[in-house]
Amino acid sequence: MSLQWTLIAGFLYTEVAVVLLLLLPGISPSRWQKVFRSRILKALSNQAGVYFTVLLAVLCLFLLDALREMRKYSGDTDVKHESHQHLDAEMQTNMRLFRAQRNFYISGFALFLCLVIKRLASLISTQAQLSADNEAALKQARSATTTARNMMVGKGEEAQNSSNEVSAQVKKQLKEKEDLISNLQEELNKKTQEVKELKSENEKKKKDHDAILSQQKGLSREYDRLADENAKLQKLMDSANKKED
């Protein structure tokens, strides 16, 4: 594997580790929010859009290059299978086709996981913000309730009407806060469902990746078998040439 594809494969493995880390249930969104707001990431966030665009462009270029190589060697393989000549050249073409397919899957999964990580980070930040807003709304509602109770206890009969008005306002505010909390909870549930769907999709892609690795091992075994057959044929040809001599 060349240097650039080794780097892309390493980047892909890093992306898989990051996705698994983001999906860990033991780390709350608020903790991730603190990590995202750290000094290092905050310093990089100013140019994050540019870096992300450049990264996507580079991965797309490698993906297109791998696709071009696949089409190129797929055509060569069809011609070789029709002629059934030059077994060495045919095995070399198959090996190059296999490498092109491997590079295509590596760059494709790297590009896909890059988008998944960006989406997961956005959802986690939104969920953390919604949780913070929910807690602030609850504290405000409790403070308003406590104030209303103190006013109702401390006031006499003269302030009863005023207290009733305040109580009505407090109830109205509480109703508004409850509606706000309900909306926030609904939004939080939607975001949680989206995270679950992304997690399920990531698990599916991981299974596809495992299937590709299994296919890679099968192709490697097939290549070894062809190499053994080639060696046997070469020995037979050498012995036939010696007999003719």
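Using 1/(1 + (r/R0)^6) with R0 = 51 angstrom and r between the beta carbons of L3 and K34, what's the FRET efficiency to the nearest 0.05? E between L3 and K34, to the nearest 0.05, is 0.90. If you take all other residues with their beta carbon under 12 Å from the beta carbon of A136, and give Lys and Arg +1 and Asp and Glu -1, the sum is +1.
Roughly how many Å² of E187 are accessible to a 1.4 Å probe, to the nearest 10? Result for E187: roughly 70 Å² accessible.
For segment 186-245, just say rounded, prolate or oblate: build the C-alpha gyration tensor, square-root its eigenvalues into a ≥ b ≥ c, call rounded for a/c under 1.5, and beyond that prolate if a/b exceeds b/c, oblate if not. Cα axes put segment 186-245 in the prolate bin. Consider a paramagnetic label point 7 Å from the Cα of L24 along Cα→Cβ; state which residues of segment 196-226 have an amide N under 18 Å from it. What the label zone holds, given the 18 Å backbone N cut-off, is 199. For the peptides 54-64, 218-228, the ranking by mean Cβ contacts within 10 Å, running from highest to lowest, is 54-64, 218-228.
In order along segment 199-216, the phi-based Karplus estimate (6.51 cos²θ - 1.76 cosθ + 1.60, θ = phi - 60°) of 3J(HN,Hα) comes to 5, 5, 5, 5, 5, 5, 5, 5, 5, 4, 5, 4, 5, 5, 4, 5, 5, 4 Hz; Gly and Pro are listed as x. Our note on the geometry: Cα centres of segment 107-148 and segment 170-238, 24 Å apart. Taken along the Cα-to-beta-carbon direction at a fixed 7 Å, the label points for D224 and D65 span 3.0 nm.
For N150 and S200, the FRET efficiency from 1/(1 + (r/R0)^6), where r spans their Cβ atoms and R0 equals 51 Å, is about 0.50.
For segment 84-140, the square roots a ≥ b ≥ c of the C-alpha gyration tensor eigenvalues yield an a/c of 1.5 or more together with a/b exceeding b/c, which makes the shape prolate.
The values are calculated or read from the model by the stated rules, or taken from the named source; none is laboratory data. A quick note: this is a predicted structure, and the numbers were derived from the prediction, not measured. Neighbour counts run over all protein chains shown; Cβ positions are idealised from the backbone, glycine included. The protein model used for the area step is the full one, side chains on, heavy atoms only, and it has no ligands, DNA or RNA in it. Shrake-Rupley method; radii C 1.70, N 1.55, O 1.52, S 1.80 Å.
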